[in-house]
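Working notes, beginning with the structure itself.
Computed from the coordinates by the stated procedures, all read-outs in this text should not be read as laboratory data. No experiment lies behind these values; they were computed from the predicted model shown. So basically every Cβ, Gly included, is an ideal-geometry build from the backbone, and we count neighbours across all protein chains shown.
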Amino acid sequence: METVLSGIRSTGKLHLGNYYGAVQNFVKMQHEYNCFFFIADLHSLTTHPTPANLHSNVKQVLVEYLAAGIDPEKATIYVQSEVPEVAELYLYLNMNAYLGELERGASFKDKIRAQPENVNAGLLTYPVLMAADILIHRATKVPVGKDQEQHLEMARTFGNRFNRLYQHEYFPEPYAFNFSENLVKIPGLDGKGKMGKSEGEGNAVFLSDPPEAIRKKVMRAVTDSGPTEENQPKPTEIQNLFDLMQVVSSADTVAHFNNLYNKCQIRYGDFKKQLAEDMIVATAPIRERIEDIAKDEAYLRQVSRYGAVKARESAQKTIKEVREIIGFKKF
Ligand code: TYM
């Protein structure tokens with residue numbers, strides 16, 4: 001059975017981008033593959049969270065994984081820092097990752113722009129840690145959104161380089177995965193780019209948002225004064241809202257508003273109202289479970305302990321073999 005691995009950074013609440021880009025696939029894949037889904041708390045250290053924030057953010061992702069339907073009996077759910085073998089593999093892979101290629105990474109360049117006062121080495125070697133996450137279980141399928149494609153390419157590079165250096169076909173090649181063939185990029189509500197946790201207030205719709213908050217955010221989304229000619233291409237901010245509708249609404253609803261747009265009869269107020277209501281319906285089953293699961297500390301403890309044991313078992317096997325391949329020997 002093929003091994004699947006993916007993770008989400010513990011930097012706050014999950015939004016529709018995380019869900020449709022990643023978590024929805026996790027839930028489907030758990031029935032078909034040997035799955036590992038983790039909470040990337042080591043990755044979150046690049047932004048220096050306080051100890052209290054670190055823990056509550058880890059809890060948030062764990063709760064939302066469970067609320068979204070990841071079943072700890074089917075998939076292994078664990079917290080990255082509880083599997084120290086990952087950090088060990090990261091160290092070995094770092095010996096084979098070069099400054100030039102790391103500096104050229106798109107997300108490193110973005111981070112330099114976003115946090116110029118804190119360009120630490122952890123940001124530079126972020127793709128190496130990500131490769132370690134994947135290779136530690138020798139995973140081949142990695143369900144992620146489009147923004148992670150380059151990181152997957154780097155993970156293949158680092159794994160292949162290790163294999164070549166030690167002349168041992170040890171690590172398989174991991175590929176980004178989505179059931180719909182194409183990787184997805186869910187747009188934000190600000191009319192500009194992707195939905196993201198740090199793209200500014202109002203850009204992201206969170207799975208835990210109450211209905212009223214969703215209505216407010218969607219109604220505030222940027223639109224224009226409407227089409228003036230029939231059958232014209234849509235400007236980006238309108239196309240983004242249609243793309244969001246495509247993921248939360250029925251095909252009939254999308255076709256209905258497309259039709260109105262093409263005939264210059266669309267009323268953005270109605271369009272956004274429908275979009276908000278469909279988002280509320282789509283997120284309701286998850287939202288309704290979040291609160292109850294969050295209260296059940298004993299269950300969360302049990303899930304994370306059980307997951308850590310299973311993840312370590314798999315990671316220890318890899319690390320033992322990697323140590324042998326590298327040539328460490330006991331006297
Ligand atoms: P992170 O925490 O930024 O995002 C988690 C997942 O959500 C996806 N995603 C999106 N997909 C579509 N549209 C969007 N607007 C959108 N926003 C976020 C991301 O593609 C990702 O799948 N580096 C990773 C975490 C990580 C990881 C790994 C993932 C660490 N190690 C190993 C896979 C394998 C990250 O920062 O994701």
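For the reader, a short list of remarks on this structure follows.
- Relative to the longest principal axis of the Cα atoms of the chain, the long axis of helix 251-262 makes an angle of roughly 50 degrees.
- For the cross-link pairs Lys111/Lys194; Lys59/Lys217; Lys141/Lys192; Lys185/Lys272; Lys111/Lys185; Lys146/Lys192, the ones whose C-alpha atoms lie over 22 Å apart are Lys59/Lys217; Lys141/Lys192.
- Using the Karplus relation 6.51 cos²θ - 1.76 cosθ + 1.60 with θ = phi - 60°, the per-residue 3J(HN,Hα) values for the stretch 203-217 come to 7, 10, 9, 8, 4, 8, 4, x, x, 5, 5, 5, 4, 4, 4 Hz, with x marking Gly and Pro.
- Close amide H pairs (under 5 Å, H built 1.01 Å from N) link Lys194 with Gly188, residues at least 5 positions away or on another chain.
- Packing-based exposure ordering (other Cβ within 10 Å, fewest first) of Cys264, Cys35: Cys264, Cys35
- Annotation: extensible slack from Asp296 through Phe331 equals 7.8 nm (criterion: 0.36 nm per residue apart, minus Cα-Cα distance).
- Cα gyration tensor, the stretch 211-290 - rounded (a/c under 1.5), prolate or oblate: prolate
- Listed values for the stretch 146-158 are Karplus-derived 3J(HN,Hα) couplings in whole Hz (6.51 cos²θ - 1.76 cosθ + 1.60, θ = phi - 60°), namely 4, 5, 9, 4, 5, 4, 5, 5, 5, 4, 5, 4, 5, and x replaces Gly and Pro.
- Global geometry of the stretch 108-191, whether rounded, prolate or oblate, following the gyration tensor of its Cα atoms and the 1.5 cut on a/c: oblate
- Mean-position separation - Cα centroids, the stretch 250-305 and the stretch 145-184, in angstrom: 32
- Placed amide H near Tyr78: partners under 5 Å, 5+ positions off or other chain: Phe37, Phe38, Ile39
- Restricting the chymotrypsin sites (Phe, Trp or Tyr not before Pro) of the stretch 102-203 to loop positions (DSSP other than H, G, I, E, B) with no more than 11 neighbouring Cβ atoms within 10 Å leaves Phe179.
- Loop-located GluC sites (Glu not before Pro) in the stretch 214-302 (DSSP state not H, G, I, E or B) with no more than 14 neighbouring Cβ atoms inside 10 Å: Glu229, Glu230.
- Whole-Hz ³J(HN,Hα) from phi, Karplus 6.51 cos²θ - 1.76 cosθ + 1.60, for the stretch 79-86, glycine and proline x: 9, 3, 5, 8, 10, x, 4, 4
- Take every DSSP beta bridge whose two residues both sit in the chain; close to 10 percent of them are antiparallel.
- With Cα atoms, 0 to 90° folded angle of helix 236-248 axis to the chain main axis: 70
- Pairwise FRET efficiency - Asn258 versus Arg220, Cβ, R0 = 30 Å, nearest 0.05: 0.85
- Three-way shape label, the chain, alpha-carbon gyration tensor, a/c 1.5: prolate
- Each residue, Ala284 and Gln246, gets one label point 7 Å from its Cα in the Cβ direction; the gap between the two is 2.6 nm.
- Close amide H pairs (under 5 Å, H built 1.01 Å from N) link Lys185 with Lys146, residues at least 5 positions away or on another chain.
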